[in-house]
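In what follows, a structure is listed as structure tokens, so that the remarks can point back to it.
The values are calculated or read from the model by the stated rules, or taken from the named source; none is laboratory data. Everything quoted here is computed from the prediction, not taken from an experiment. For neighbour counting, all protein chains shown are included, and Cβ atoms are generated from backbone atoms with ideal geometry for every residue, glycine included.
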Amino acid sequence: MAKPVVIVVGADKGGVGKTTVSRTLLDYFSANNVPTRAFDTESPRGTLKRFHPGITEIVDMTTTSDQMKIFDTLNSASPSVTVIDVRAGLMSPALASLRDIGFLDAAKSGQITFAVFHILGPSIASLDEIAETANFMQGAKYFLVKNFINNTSFFEWDQATYNAYFHRIKDATELTIPKLNEMAFEQVEVASVPFLKFVANKGVHDETENYSFVLRGYVRHWLANVWSEFDRIKLTDLVGGGGGKSGARGGEK
Amino acid sequence: MRRTPVYIICSPRPLVGKTLIARLLSEFLLLKNGTVAAFDINLKEPSLLEYLPAITETAQIDNTFGKMALMDRVIVNDGIAKVIDLGFHAFDEFFKMSEEIGFLKEAARRGIAPVILFVADADRVSVRGHLMLTQQIPATALITVDNEFVVRGELPAAMDRGRVMRIAALPVFLKTYVSRLTFSFTDYLRSENDSSTELHQWIRRNYFSFREIEMNLILLGS
């Protein structure tokens with residue numbers, strides 16, 4: 001039985017692109033033949049589920065019953081990779097709960113592979129979350145995700161500020177998600193399909209669609225850049241998967 | 001199914017003869033095929049729209065909507081040849097977009113045959129632009145146009161290596177004559193009885209060059 005893998009995607013600030021990053025992760029695992037299940041904590045309506053309905057369940061992370069649904073099934077569940085898209089403002093409480101139930105200890109002892117994709121926004125308040133989150137990260141893989149949803153520079157122009165946030169945490173790995181053309185993003189929103197399906201010009205039920213070639217091209221190019229980052233951090237090794245069918249990937253080389 | 005050609009006439013420099021070549025090519029295609037669709041992406045230069053309003057529409061690529069309106073038209077294999085007169089100001093953005101969205105790959109998938117007609121100049125901007133294109137465009141799809149009115153003397157060596165189409169310089173008085181908005185190259189060929197005139201020969205030579213380019217496309221596609 002494969003070691004369970006839990007990936008939490010979260011931030012304590014809203015609107016920084018958590019669900020977008022979760023979607024790219026699910027597409028990446030799909031393209032690499034890594035069976036995955038996902039939990040969408042935007043209960044009751046959900047946001048992630050709209051794009052990946054077949055593998056996503058909407059849960060309320062504040063309730064014990066739904067916490068049990070996720071964590072009590074880790075060892076018995078197939079697929080063994082679980083992605084949790086954590087609602088804005090709930091990441092620290094969620095990590096605290098994981099600590100309290102012994103999940104973080106299990107991760108530290110190697111029973112579970114645990115990774116956190118901390119989505120950062122271009123504000124000091126967002127960056128201030130890093131130190132707080134880092135307290136929970138012993139035994140876990142901690143990824144600081146700079147999601148360029150606008151023309152921000154994440155304070156790269158001010159080395160002192162940049163270093164104060166990004167280089168202070170040992171073993172934290174930075175990831176860059178480049179900006180996606182706004183119209184392309186919106187068209188995918190309207191289509192309600194995974195990024196991969198949009199690139200392939202497919203609809204919800206795999207029917208052939210008539211999406212703009214220009215917008216599909218922008219999404220393809222962007223997704224390839226995002227996946228290059230996932231390749232760089234050896235994400236498939238982390239989850240112990242990857243069926244080797246990288247030629248079937250929708251991203252470009 | 002035969003491939004639909006898309007001719008992109010371009011240069012990062014102004015006033016090198018792009019619109020003149022676009023006019024010549026559009027009229028040739030109209031004469032030969034009966035139909036052509038031309039796109040004018042020009043802000044400040046002589047405009048194709050002014051010469052051939054019946055077959056030309058304006059286009060812009062400075063925003064996503066404009067790019068979609070142009071490229072989603074151009075990528076359709078409908079058998080109607082397309083001519084894009086790409087203004088110098090749009091050169092960088094067009095080819096940056098083209099690379100990002102995978103235009104050439106998609107064109108190949110859909111049976112579209114892009115042909116880049118790069119109108120050369122001897123200066124550094126032109127040389128850099130040509131170099132960028134050689135890195136992005138296959139040699140079979142890139143043709144350097146040596147407009148002898150602009151490049152006085154030899155083409156820079158790097159530009160002379162690939163496919164080259166030479167356009168002889170017209171005397172100034174003939175250049176002024178053909179620059180009139182009402183002038184049509186095809187009408188001139190049809191109405192001028194004396195086929196030995198310099199302009200007659202010039203037009204026929206250029207039409208012949210375009211025919212050779214077309215034949216080459218057919219050979220490559222077969």
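Quick look at the numbers
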| item | result |
| --- | --- |
| Test result for B:A69, small (G, A, S) and either closer than 27 Å to B:V164 by Cβ or more than 14 Å from chain A (Cβ to nearest Cβ) (or both) | no |
| Filter pass, A:F155 being within 21 Å of A:W227 (Cα to Cα) and either at pLDDT below 80 or among the aromatic types (F, W, Y) (or both) | no |
| Only one of B:L142, B:L181, B:L117 that is exposed (fewer than 13 other Cβ atoms within 10 Å of the Cβ), away from chain A (no Cβ under 14 Å) and closer than 16 Å to B:A22 by Cα | B:L181 |
| Output for the range B:155-183, where each listed residue is out of contact with any helix residue (DSSP H, G or I) (no Cβ under 7 Å at 6 or more places or on another chain), closer than 12 Å to B:A120 by Cα and assigned to a loop (DSSP other than H, G, I, E, B) | B:L155 |
| Set B:V74, B:V83, B:V6: member being within 14 Å of chain A (Cβ to nearest Cβ), under 16 Å from B:E214 (Cα atoms) and in contact (Cβ under 8 Å) with a residue 40 or more places away in the chain | B:V6 |
| Residues of the range A:128-156 satisfying the condition of being over 22 Å from A:S97 (Cα atoms), of a type outside the set (K, R) and surrounded by 14 or more Cβ atoms within 10 Å (Cβ to Cβ) | A:V145, A:N147, A:F148, A:I149, A:T152, A:F154, A:F155 |
| Hits in the range A:168-184 - residues which are away from chain B (no Cβ under 14 Å) and touching a residue at least 12 places away in the same chain (Cβ under 8 Å) | A:R168, A:I169, A:D171, A:A172, A:T173, A:E174, A:L175, A:T176, A:I177 |
| Qualifying residue in the range A:160-172 (condition: in a helix (DSSP H, G or I), touching a helix residue (DSSP H, G or I) at 6+ places or on another chain (Cβ under 7 Å), surrounded by 15 or more Cβ atoms within 10 Å (Cβ to Cβ) and of a type in the set (S, T, Y)) | yes |
| Conditions (1) within 23 Å of A:V145 (Cα to Cα); (2) over 15 Å from the mean Cα position of the chain (by Cα); number of the one not met by A:P44 | (1) |
| From A:L196, A:L223, A:L238, A:L215, residue being within 14 Å of chain B (Cβ to nearest Cβ) and touching a residue at least 60 places away in the same chain (Cβ under 8 Å) | A:L223 |
